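Structure first, then comments.
Just so you know, all these numbers are worked out from the coordinates, no wet-lab data involved. Bear in mind that the values here come from a model prediction, so they are computed numbers and not experimental data. Quick reminder, even Gly has a Cβ in these numbers, built from the backbone with ideal geometry, and neighbours come from all protein chains shown.
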Amino acid sequence: MQTIDFMPDRLNAEPTVFRGFTTHEMFAAAGVGCVGGSVISIPLLPLAGWVILPTGALIMPLLVVFLAALF
């Protein structure tokens, strides 16, 4: 009986961890930050215009991931 020459090592590898988050947790935190950044930037629309929506949606996930990693 022939054995398998190629044994994938990803099956038994530890999950990738970034600042204490696994991949799924990091993307969940970034998604919450994206939604939260969009909601927080809505009251600022009259002051800064439409450009505040993508700015909030891009900056808040970074803040959420880096600040949540402290806990």
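General observations
- Each peptide in 44-51, 56-63 receives the mean, over its residues, of other Cβ atoms within 10 Å, and ordering these scores from highest gives 56-63, 44-51.
- R0 of 25 Å, Cβ-Cβ distance Leu45-Phe18: FRET efficiency to nearest 0.05: 0.15
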